[in-house]
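Structure first, commentary second.
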Amino acid sequence: MAWWEREGSAGVSIFDPHLHFDRLRAKRALSGMLNFFIRTLGCQMNVHDSDRVYELLSDAGMCAVSSPEQADVIIVNTCSVRQKAESKLDSELGKLRKLKALRNSPTALVVAGCVARQRGEAMLKRMPFVDVVIGPDNLLSLPNLVKMALRGAPPTVATEWDLDRPTFLRSRPHRDGVSASSFVSISKGCDERCSYCIVPRTRGPERHRSPTEIVSEVRDLVAAGAREIILLGQTVNNYQDPSKELGRRPSHAQSDIAALIRRIAHEVPTLTRLRYTSPHPRFYDGALIEAHRDLPLLCRHVHMPVQSGSDRILKRMIRRHNRQDFLQTIGQLKKVQPELTVSTDIIVGFPTETDEDFEQTLSLIREVPFIGIYAFKYSPRPGTAALRLGDDVSDGMKAERLARVFELSESLMRNHLDRLVGTVQRVLIEEPNPRSDGGLTGHTDRNEIVHLRGDAGLRLGDGVVPLRIVEAYKHSLVGELDPMLTGVPSRIKHRLPIAPSR
Ligand code: 5AD
Ligand code: SF4
């Protein structure tokens with residue numbers, strides 16, 4: 001249940017949370033401490049941005065809380081990639097408006113992220129109870145803007161892109177360590193013009209970060225305990241070194257992503273795993289394929305959005321690759337890494353998509369085969385080129401096609417996971433297992449989720465450990481620690497009964 005649904009029960013309760021939290025907040029105001037709550041909608045970019053907001057507000061002396069009722073500053077980090085996310089935002093803001101109206105003490109309501117950039121001033125006209133509208137490139141000014149809002153300043157809008165001197169906010173390792181797997185942003189914005197996509201309008205033109213800055217952030221995160229780094233960018237494999245530090249490219253390289261990966265591998269040798277997301281199929285080049293061949297730290301999994309299996313639709317989507325190019329790239333990757341898995345994004349019901357086009361998408365899914373699919377119903381977005389094509393596939397047909405993609409995806413995933421039962425997989429221990437008390441969960445380098453069975457004495461921070469796969473669920477695996485395998489932490493090796501050698 002979402003927090004705002006729980007909040008709805010307040011009216012029938014003797015305990016009035018608004019009053020209770022108002023008193024708490026009044027008490028804190030006396031001690032000068034402000035609380036903030038962040039709600040994140042949308043993609044990994046937004047998750048990354050929300051983490052930076054958390055750090056900026058913590059650095060400004062504020063304290064994170066787990067519900068908006070407890071917060072003096074409420075931030076909704078928004079997504080506009082599909083209409084559904086935008087509608088969700090509007091309904092959530094309606095609820096926050098009520099929460100704010102019931103209060104006696106100041107509250108700053110912030111709309112951040114892609115919708116903030118997209119609507120700008122218009123946001124305030126529609127929703128005058130919002131105090132700060134802030135785009136993805138303006139987060140550094142957030143602590144000041146919320147403090148001003150709490151002092152009664154009029155609403156502010158800060159949504160310009162930082163085109164001349166792009167800033168990339170660093171993750172800051174916390175006192176309690178960093179996650180085993182951490183994102184590092186290498187570029188932002190997008191220069192592609194996929195006809196359905198609003199991102200170039202909300203996140204702006206593509207800008208790139210210097211290799212020195214990137215390597216330094218990776219080094220700091222690894223020193224603080226991260227084992228896996230995920231390089232982040234909208235078209236991440238089109239990375240262009242802005243400072244020309246990486247030297248001349250080999251003739252078969254279009255971008256500097258491969259050189260950057262090699263530099264990270266060389267300069268941070270203690271890094272265990274490296275991933276990048278999301279690549280665009282048209283920016284794969286020989287140098288990146290060679291990096292997959294040569295560097296054991298580069299994970300044997302890529303998430304490569306394809307969107308459709310029909311060349312006719314890909315053309316109308318202005319994807320600038322076709323089915324054949326895509327399959328060829330996958331073929332090259334699998335030639336150098338035969339065990340590599342590929343996941344993808346699919347849009348169903350793009351304007352003019354026929355049954356025949358959709359069958360081609362299903363056949364591509366089988367041919368690759370994709371292990372892991374994020375599929376979406378096409379959603380018309382303001383200002384995008386695809387609006388000209390109408391929205392002629394009915395919602396019922398979109399729902400039917402979506403269900404068929406999911407059904408096929410589940411069966412491919414199931415087959416894939418079933419085949420892993422009995423094998424040993426190296427798993428990065430990442431987080432508590434949400435389904436078991438005290439249990440742990442992690443990922444293999446091919447991105448299979450593995451839950452640890454039994455209290456093996458492992459803990460967060462143990463890094464990559466070998467687990468014997470004993471069961472496959474629909475979307476994940478169950479693994480057990482095998483003390484005979486190399487790579488088991490010595491602390492545990494001594495605790496576990498060791499089978500007599502034969
Ligand atoms: N409608 C539906 N899905 C979309 N995506 C992007 N724009 C739209 C849209 N207008 C999907 C694409 C992209 C993912 C992040 O969101 O599949 O890869
Ligand atoms: Fe959108 Fe296409 Fe850019 Fe991806 S590559 S962010 S789908 S415009």
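Coordinate-derived values only; no laboratory data. Computed from a prediction, not measured in an experiment: that's the story for all the values here. Glycine gets a Cβ as well: all are built from the backbone with ideal geometry, and neighbour counts include every protein chain shown.
As an exercise, use a Förster radius of 22 Å and the Cβ-Cβ distance of V47 and Y374 to find the FRET efficiency, rounded to the nearest 0.05. Write down the numbers at each step before the final one.
Numbers: r = 15 Å, r/R0 = 0.66.
In this case the efficiency is close to 0.90.
Give the longest segment of the chain that steers clear of GluC sites (Glu not before Pro) in DSSP loops with at most 15 neighbouring Cβ atoms within 10 Å, not counting the sites themselves.
Details: sites that count: E160, E245, E339.
In the chain, the maximal stretch lacking such sites is 340-502.
For K147, list the aspartates and glutamates whose Cα falls under 12 Å from its own Cα; do not include residues on the same chain fewer than 8 positions away.
The reachable aspartates and glutamates, counting only those whose Cα sits under 12 Å from K147, are D72, D131.
Over 27 Å between Cα atoms: which of K125/K377; K84/K188; K125/K188; K95/K398; K334/K398 fall into that group? It would help to have the intermediate numbers written out before the result.
Numbers: K125/K377 30 Å; K84/K188 24 Å; K125/K188 29 Å; K95/K398 30 Å; K334/K398 32 Å.
From the list (K125/K377; K84/K188; K125/K188; K95/K398; K334/K398), the Cα-Cα distance tops 27 Å for K125/K377; K125/K188; K95/K398; K334/K398.
Using the Cα atoms of region 314-382, I'd like the radius of gyration and the largest Cα-Cα distance, Dmax, both in angstrom.
So, for region 314-382, Rg and Dmax equal 13.2, 42 Å respectively.
Just grab the label-to-label distance for V424 and R491, each label 7 Å out from Cα along the Cβ direction, in nm (one decimal).
Output for this residue pair reads 2.2 nm.
For a label point 7 Å from the Cα of E367 along Cα→C-beta, name the residues of region 298-314 whose backbone N is under 16 Å from it.
Once the point is set 7 Å along Cα→Cβ of E367, 306-314 turn out to lie under 16 Å by backbone N, inside region 298-314.
How large is log10 of I(q)/I(0) for region 37-106 at q = 0.13, 0.16, 0.23 Å⁻¹ when the intensity is taken from the Debye formula with one equal scatterer per alpha-carbon?
Log10 of I(q)/I(0), two decimals: -0.41, -0.61, -1.09.
With runs of 4+ DSSP H residues as the only contributors, calculate the mean residue ellipticity of the chain at 222 nm using -39,500 (n - 2.57) per run, divided by the residue total and rounded to the nearest 500. Numbers along the way, then the final one.
On the way: 16 runs with 175 residues, N = 502.
Result for the chain: -10500 deg cm²/dmol, rounded to the nearest 500.
Among DSSP beta bridges lying fully in the chain, give the percent that are antiparallel, nearest 5. It would help to have the intermediate numbers written out before the result.
Values: 20 of 63 bridges.
Around 30 percent of the beta bridges assigned by DSSP in the chain are antiparallel ones.
For the chain, which span is the longest to avoid every loop-located (per DSSP) member of chymotrypsin sites (Phe, Trp or Tyr not before Pro) having at most 15 other Cβ atoms inside 10 Å? Before the final figure, lay out each step's value.
Details: sites that count: F15, F129, Y473.
The answer is 130-472.
Taking just the alpha-carbon atoms of the chain, what radius of gyration and Dmax come out, in angstrom?
Spelled out, the Cα radius of gyration and Dmax of the chain are 24.1, 77 Å.
Mind checking the dipole of the chain: about its Cα centre, +1 per Lys or Arg Cβ, -1 per Asp or Glu Cβ, Debye to the nearest 20?
Numbers: 71 positive and 61 negative charges, 102 e Å.
Once rounded to the nearest 20, the dipole reads 480 debye.
Does a label point 7 Å from the Cα of S66, set along Cα-to-beta-carbon, have any residues of region 82-116 with amide nitrogen under 18 Å, and which are they?
Under 18 Å, as judged by backbone N against the label point of S66, lies no residue of region 82-116.
Could you list the residues of region 339-360 with an amide nitrogen less than 17 Å from a label point located 7 Å from the Cα of D391 in the Cα-to-C-beta direction?
347-353
Give me I74, I346 sorted ascending by neighbouring Cβ count inside 10 Å, so fewest comes first.
I346, I74
Trypsin sites (Lys or Arg not before Pro) within region 198-298: which are DSSP loop residues with at most 16 other Cβ atoms inside 10 Å? Let's see the in-between values first.
Details: sites: R201, R203, R207, R209, R219, R227, K244, R248, R262, R263, R273, R275, R282, R293; in loops: R209, R227, K244, R248.
Sparse-neighbourhood loop trypsin sites (Lys or Arg not before Pro): K244, R248.
Looking at region 196-352, I'd like the Rg to Rh ratio, where Rg is from alpha-carbon atoms and Rh is Kirkwood's inverse mean 1/r. Display every interim value, and only then the final one.
Numbers: Rg = 16.2 Å, Rh = 16.7 Å.
Computed over Cα atoms, the ratio is 0.97.
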